[in-house]
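S.K.: Handing you a structure now.
The values are calculated or read from the model by the stated rules, or taken from the named source; none is laboratory data. What you are looking at is a predicted structure, and each value in this text was computed from that prediction instead of being measured. Please note: Cβ atoms are built from the backbone with ideal geometry, for glycine as well, and neighbour counts cover all protein chains shown.
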């Protein structure tokens, strides 16, 4: 609207309100068009005569009924034209004219233009055999063979052709691919991924490199027993033993499945790992048996069996025979210091003491003792007896500190110090070590050991490391003690003690007493100290007493009055230079001092001003306005400020200079706006300020060339305004987002792009570009649990999941999770029942658990402990119990009974009738009256030598007459089998028949011999003979000796 026109209207309204008493005679519509919009027609209401504003043809009221604002209709919703139409005006009437865009056809009327894709109207005028499409640039209709457009919609791995009759597209899978879809929806998959391409299960499916035809090749470990066209893969081991030796086993490698040949038991591989040849192991190194073994085969397993020959001992195990020479097994039983050998004829072991040992035993029992343990082996008392390392013969060796002055065979030991000074150096004293008595050589005073602890070599100390004195000292010997004396050389001084002389260069000690500014050196001839002033210093003393002063303090170092004396920073030599702020414009020898700022601008940058420091007069360089120092305070480098950090301007601003002052000017670039001030320009992207004035559903961006603002509707929104006035509306509210009427328009959750999706209860089984809506229940069971049935809600058609019989929903109504009902509260069964399913209906069934028996009915299950029902069907002499793990019934024979059946069928019999109750063969089996446990009792004549729990009955007579006298003979009573004891010949029972105590008959009444007789025993029979004592004669008989004495008279 023209702002001048609006101002006139406002003025007119104000006048009417201010002067209501004035009545205008003129028609309101003739004054400023009755305050109507300039594109409106002013008229009057038929009843009230009030002004009525109506937009002219071609304009639309975008204001309200009371405030009419007339806008070009083409800028308002495209003038109500179809979105694929161009809105314009009739040249005469200015009425809106809708004209379909290129590529669209009017399928409506002249007054109601409906623009439809031309390709959908009579195939865009194309031949029926061709496909109608659009030019990517102009959108003009283009007629093409369908097969040239996206391969006619065929799978990329299919060939597109046409039906000879209907010219419809025909998709045919290429060689090496097969159709896994249908006749109308061909989906080509690699044949090798479908049933292994028809190849044998033990074959690998691949493709021919040229034709892509399927090729079947047997996997490693298999061979083709069919044909090239009909490959049949057979385990190689099943064909001629896989090429292995007849005496080998054919197997396959776990990693590669390749054939592996392994020799059978009793055979060894005499070939290689690649070519296995199996040979009888006994023919190869005697089958691994020792040379004294005989190799044969086990008749059952054919494994190698080794048997020892005579004269050898098996030192292996029962399964591994190792025959070792008996002499190598515990030395054949010989003394460890004896040599074991074999008898030449019998191969029996013979033991002989080794050299250095002596047999102290006997011929059959050789005991070998070290010969040195007898008389020191015949060696000298000062010699040690030992053995030769090679022969072990006795060797006599003089002890430490002694020397053999005899011979090798006759060792005589003499004190070594008395023989050639014990082998010590002539300048050493020979003695003995107090602990070991070894020779000890000690160098005499003035000498030092230059050898080693074991080989003492005594050398004059002054010729060995200068007597251990300082290298700058002179070594000499004391004439009295022969001890070492040290004296420092000229130019050196002793910095330690008289005992420990340390000679240091005098110049390193207080600079040799030279002036601190002098250099201390040594004379070439005498090495005496010489002092010389350093550069920049002058000697104000004498030749013998050098005093060094700064040369600049003496007559200004020889410089003129208007010059300054300084020191060269490198050499410290005196140098004459101009004062600070002045430059020598003369020469080195003729110094002329000029203000430095007048000489090459004081060496300042050409864009800098040269001045002097007020205090020091040093040169000061300062960059001019518009320039910035990019160097340092001491090295000023002036660069155009705009080239340094953009002159301090915002990165989104352009830096320039003021034409008058050359000061920096900052100006925001196109697409940016200054949100700071004139002096502090801050440039922000216009798009970040109220979205750059764009619609809230539009993206604010910048043109690539100019960076000017561009408004573009976001994904999922459509511009219903114009190119300059973008208005963004949800695309789904405009013609269903171009989705087909049987589809629903929605937005992608990630990109918000328009997405055509199947309606509730249907699933897309096609692709993103080719939607195929299929009943969701037929696709993965509608994503219901595998144990749920899928159906649809009667009102919304949404998927409804319901658990099948025998399953219970443990999820929610929206997320059905079907669990076997038996896993939830035992399927509603009693705690003593087991939950299972009916074989046909899968309905829950309750059955008794293991160890319980149903005492009710099939419909009313009552579970009782099986042991309480017919004793669990156990034997009458068995106890019924339960397995602690499975609770199954277990039958166990009671005490005193034995199971003669099996673990599953227990039959109990009196244990005494089964193997005598496991009692000893000489024991009687019975039962304990209280517990019925087996009780074993030894029969008469036998004694229990075991324990109460394990009775072992042993014949009492073979227990060394246990409980009987050792001098009695044990026998059995033939009637009762009881033990009967009788004293041996020469002994007599001194007790009773029940308790026999046998005493030597000679000790009881002298064996029945008379008092003058001697009782003794016959060596073989132990019978008692009586022999008269000396002086007495037997006057009786041999069996009844009577000793009578003779009367002797003096």
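S.K.: Considering only residues that are more than 26 Å from residue 383 (Cα to Cα), loosely packed, with under 15 Cβ neighbours inside 10 Å and at pLDDT 85 or above, which ones fall in the stretch 425-450?
M.R.: Of everything in the stretch 425-450, just one residue is more than 26 Å from residue 383 (Cα to Cα), loosely packed, with under 15 Cβ neighbours inside 10 Å and at pLDDT 85 or above, namely 426.
S.K.: With the stretch 860-928 as the region, which strands (runs of 3 or more DSSP E) entirely inside it contain at least 1 residues that are without any contact (Cβ under 8 Å) to a residue 24 or more places away in the chain and under 30 Å from residue 828 (Cα atoms)?
M.R.: Passing ranges, in order: 863-865, 878-882, 889-893.
S.K.: Does the stretch 992-1000 contain at least one residue that is surrounded by 12 or more Cβ atoms within 10 Å (Cβ to Cβ) and over 30 Å from residue 942 (Cβ atoms)?
M.R.: The answer is yes, given that some residue of the stretch 992-1000 is surrounded by 12 or more Cβ atoms within 10 Å (Cβ to Cβ) and over 30 Å from residue 942 (Cβ atoms).
S.K.: Something else about it: Return yes or no: is residue 1015 under 16 Å from residue 1039 (Cα atoms), touching a helix residue (DSSP H, G or I) at 6+ places or on another chain (Cβ under 7 Å) and surrounded by 13 or more Cβ atoms within 10 Å (Cβ to Cβ)?
M.R.: yes
S.K.: A further question follows. Would you check which residues across the stretch 209-225 are in contact (Cβ under 8 Å) with a residue 24 or more places away in the chain and more than 40 Å from the chain's Cα centre (by Cα) and list them?
M.R.: Passing the criteria: 211, 212, 213, 214.
S.K.: Which of the strands (runs of 3 or more DSSP E) found entirely inside the stretch 151-213 contain at least 1 residues meeting this: closer than 30 Å to residue 133 by Cα?
M.R.: Where strands (runs of 3 or more DSSP E) fall fully within the stretch 151-213 and carry at least 1 residues being closer than 30 Å to residue 133 by Cα, they are 158-162, 169-173, 177-179, 188-190.
S.K.: Right, something else. Considering each of 326, 382 in turn, give the residue that is free of Cβ contacts under 8 Å to residues at least 60 places away in the same chain, within 30 Å of residue 432 (Cα to Cα) and surrounded by 14 or more Cβ atoms within 10 Å (Cβ to Cβ).
M.R.: Result of the check over 326, 382: 382.
S.K.: Restricting to the stretch 606-635, count the residues that are within 30 Å of residue 678 (Cβ to Cβ) and either surrounded by 14 or more Cβ atoms within 10 Å (Cβ to Cβ) or in the same structural domain as residue 683 (by TED's automatic domain parsing) (or both).
M.R.: Matching residues across the stretch 606-635 total 10.
S.K.: Would you mind stating whether residue 138 is out of contact with any strand residue (DSSP E or B) (no Cβ under 7 Å at 6 or more places or on another chain) and buried (at least 16 other Cβ atoms within 10 Å of the Cβ)?
M.R.: Against the criterion (out of contact with any strand residue (DSSP E or B) (no Cβ under 7 Å at 6 or more places or on another chain) and buried (at least 16 other Cβ atoms within 10 Å of the Cβ)), residue 138 does not qualify.
S.K.: Here are some conditions: (1) modelled with pLDDT of 90 or more; (2) within 21 Å of residue 598 (Cα to Cα); (3) surrounded by fewer than 18 Cβ atoms within 10 Å (Cβ to Cβ). Residue 638 meets all but one. Which one does it not meet?
M.R.: Residue 638 satisfies all of (1) modelled with pLDDT of 90 or more; (2) within 21 Å of residue 598 (Cα to Cα); (3) surrounded by fewer than 18 Cβ atoms within 10 Å (Cβ to Cβ) except (3).
S.K.: Mind checking which pairs have a first residue in the stretch 105-124 that is closer than 15 Å to residue 738 by Cα and a second that is in a loop (DSSP other than H, G, I, E, B), Cβ under 6 Å, 6 or more apart or different chains?
M.R.: Pairs found: 114/82; 114/107; 114/108; 115/82; 115/84; 116/107.
Yes/no matrix, rows are residues, columns are (1) in contact (Cβ under 8 Å) with a residue 12 or more places away in the chain; (2) touching a strand residue (DSSP E or B) at 6+ places or on another chain (Cβ under 8 Å):
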{"position": "660", "(1), (2)": "no, no"}
{"position": "667", "(1), (2)": "yes, yes"}
{"position": "672", "(1), (2)": "yes, yes"}
{"position": "680", "(1), (2)": "no, no"}
{"position": "683", "(1), (2)": "yes, yes"}
{"position": "686", "(1), (2)": "yes, yes"}
{"position": "691", "(1), (2)": "no, yes"}
{"position": "704", "(1), (2)": "no, no"}
{"position": "713", "(1), (2)": "yes, yes"}
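S.K.: Among the residues of the stretch 869-877, is there at least one that is assigned by TED's automatic domain parsing to the domain that holds residue 895 and at pLDDT below 85?
M.R.: Checked against the condition, which is being assigned by TED's automatic domain parsing to the domain that holds residue 895 and at pLDDT below 85, the stretch 869-877 yields at least one hit.
S.K.: Let me ask you something else. Looking at the stretch 399-452, what strands (runs of 3 or more DSSP E) fall wholly within it and have at least 3 residues that are in contact with a helix residue (DSSP H, G or I) (Cβ under 9 Å, 6 or more places away or on another chain)?
M.R.: Hits in the stretch 399-452: 428-432, 439-443.
To keep it simple, each residue is scored yes or no on (1) under 30 Å from residue 728 (Cβ atoms); (2) assigned to a loop (DSSP other than H, G, I, E, B); (3) in contact with a helix residue (DSSP H, G or I) (Cβ under 6 Å, 6 or more places away or on another chain).
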residue	(1), (2), (3)
642	no, no, no
646	no, no, no
655	no, no, yes
659	no, yes, no
667	no, no, no
673	yes, no, yes
681	no, yes, no
687	yes, no, no
692	yes, no, yes
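S.K.: For the stretch 335-379: of the residues being under 23 Å from residue 413 (Cα atoms) and surrounded by fewer than 14 Cβ atoms within 10 Å (Cβ to Cβ), which is modelled with the highest pLDDT?
M.R.: 373
S.K.: Is at least one residue of the stretch 715-728 closer than 30 Å to residue 154 by Cβ and under 48 Å from the mean Cα position of the chain (by Cα)?
M.R.: No, the stretch 715-728 contains no residue that is closer than 30 Å to residue 154 by Cβ and under 48 Å from the mean Cα position of the chain (by Cα).
S.K.: Now a separate question. Out of (1) in a loop (DSSP other than H, G, I, E, B); (2) within 30 Å of residue 862 (Cβ to Cβ), what's the single condition that is false for residue 822?
M.R.: (1)
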